[in-house]
Structures are given as C-alpha cells and as structure tokens.
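Engineer: Mind having a look at this structure? Questions to follow.
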Amino acid sequence: MIRLQRTNFTNKDFVKLVEFLDADLKIRDGADHDFYDQFNKINGLQHVVIAYENEKPLGCGAFKMHPENVVEIKRMYMAPSYRRRGIAAKILNELETWATEIHQQKCILETGKQQPEAIELYKKCGYSITANFGFYENVENSVCFEKLLQKK
C-alpha cells in the first residue's frame, strides 16, 4: 500500500531521496550538471510530497511558489526499482491537489531531454510542452511543461 505524506524540505527522507536524484542527474546532465544544479536547491521548499511503502521512502516531488498563482514542480524522483508503477503520477497528482487547495492555478516545470521517462510522465499526466521559461529560456537541453489546474 502506497502512502503519500505532505512535508517540507527538512524531512530526512526527502533529503536522502534528493541525494539519489542529484547523483542520477549528475550522470545524465554530464557537463551541464552544474548549470542545472544551481536552480535545484531544496532549502525553503515548503510543499513536499513523499511516497512510502511499508515506511520505506520510494519517491518524492515538491513545488515552489511563483507569482500569479503559479507553482513550479521541482525535485521529482522515483527509486529506479519502483518506476513504471504509477507512483510518480500519484505524487504529482498530490502536489497538484495541494496547489489547488492553496488557490494556485497553474503548474510549470522543467526537465531535461536526457530524462525521457520524466517527459513521458508529464505528458501522461496532462502537461503540455511550452516555451522554456526563466533560467531555462535559451537552454537547448531543457524541455518545459505547463498544466492549468482545476479544483478537485
């Protein structure tokens, strides 16, 4: 049974999962890792969701507040042996639900072209590719998505 827990950046399980995420991204991003890493600090993230099975942390996600009722999905990660089971979609859905509860209207996110499973997840969950935003505006290896949120 999968249990989702809402928490924040101080959660020890979240910190550990992000360490696994960063190790994976360092390999995938190669020479571009330092550029991306500067935008992925977890300090201050007040909206974090962790998926557990039998109290074992399997994956996580978070969002960062932006102006105009927009949140940016950050730090999505799923342990490799638990991928393709729909757990990441549950984390993402819980983040969206939380965002709507605090009156947010849109999610945006950035992922890399070297992360095809992430791209597949976001498309499957109703996200649309959009123009690269913010720091990623002219970054060739970035793919940005957005989704309008509806109250659930």
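Engineer: Can you tell me which residue is modelled with the lowest pLDDT among those in segment 63-98 that are open to solvent by 20 Å² or more (accessible area, probe 1.4 Å) and among the acidic types (Asp, Glu)?
Structural biologist: Result: Glu68.
Engineer: Separate question: Being modelled with pLDDT of 95 or more, assigned to a loop (DSSP other than H, G, I, E, B) and polar (S, T, N, Q) is the filter here; which residues of segment 99-126 pass it?
Structural biologist: Gln104, Gln105
Engineer: Quickly run through segment 52-62 and pick out the residues that are open to solvent by 20 Å² or more (accessible area, probe 1.4 Å) and out of contact with any helix residue (DSSP H, G or I) (no Cβ under 6 Å at 6 or more places or on another chain).
Structural biologist: The first filter runs over segment 52-62 and keeps only residues open to solvent by 20 Å² or more (accessible area, probe 1.4 Å), leaving 53-57.
Once the filter is applied, which keeps residues that are open to solvent by 20 Å² or more (accessible area, probe 1.4 Å) and out of contact with any helix residue (DSSP H, G or I) (no Cβ under 6 Å at 6 or more places or on another chain), segment 52-62 yields Glu53, Asn54, Glu55, Lys56.
Engineer: Continuing with this model, one more query. What number of residues within segment 105-141 are under 26 Å from Tyr52 (Cα atoms) and either surrounded by fewer than 16 Cβ atoms within 10 Å (Cβ to Cβ) or not small (Gly, Ala, Ser) (or both)?
Structural biologist: 17
Engineer: Does Ala23 satisfy the criteria of being open to solvent by 10 Å² or more (accessible area, probe 1.4 Å) and either farther than 18 Å from Phe135 by Cβ or modelled with pLDDT under 95 (or both)?
Structural biologist: Values: open to solvent by 10 Å² or more (accessible area, probe 1.4 Å): yes; either farther than 18 Å from Phe135 by Cβ or modelled with pLDDT under 95 (or both): yes.
Here the answer is yes, as Ala23 does meet what is asked.
Engineer: Pick out the one residue from Glu94, Glu146, Glu72 that is closer than 21 Å to Leu17 by Cβ, in contact (Cβ under 8 Å) with a residue 24 or more places away in the chain and either in contact with a His (Cβ under 9 Å, 6 or more places away or on another chain) or not in a helix (DSSP H, G or I) (or both).
Structural biologist: Working: Glu94 fails: either in contact with a His (Cβ under 9 Å, 6 or more places away or on another chain) or not in a helix (DSSP H, G or I) (or both); Glu146 fails: closer than 21 Å to Leu17 by Cβ.
Of the residues listed, the single one that is closer than 21 Å to Leu17 by Cβ, in contact (Cβ under 8 Å) with a residue 24 or more places away in the chain and either in contact with a His (Cβ under 9 Å, 6 or more places away or on another chain) or not in a helix (DSSP H, G or I) (or both) is Glu72.
Engineer: So, in segment 111-126, how many residues would count as being in contact (Cβ under 8 Å) with a residue 40 or more places away in the chain and under 20 Å from Asn69 (Cα atoms)?
Structural biologist: 0
The values are calculated or read from the model by the stated rules, or taken from the named source; none is laboratory data. In this text the structure is predicted, and so the values were computed from the model without any measurement. We place every Cβ from the backbone using ideal geometry, glycine too, and count neighbours over all the protein chains shown. Remember, those area values only see protein heavy atoms, side chains included, never the ligands or the DNA or RNA. Shrake-Rupley method; radii C 1.70, N 1.55, O 1.52, S 1.80 Å.
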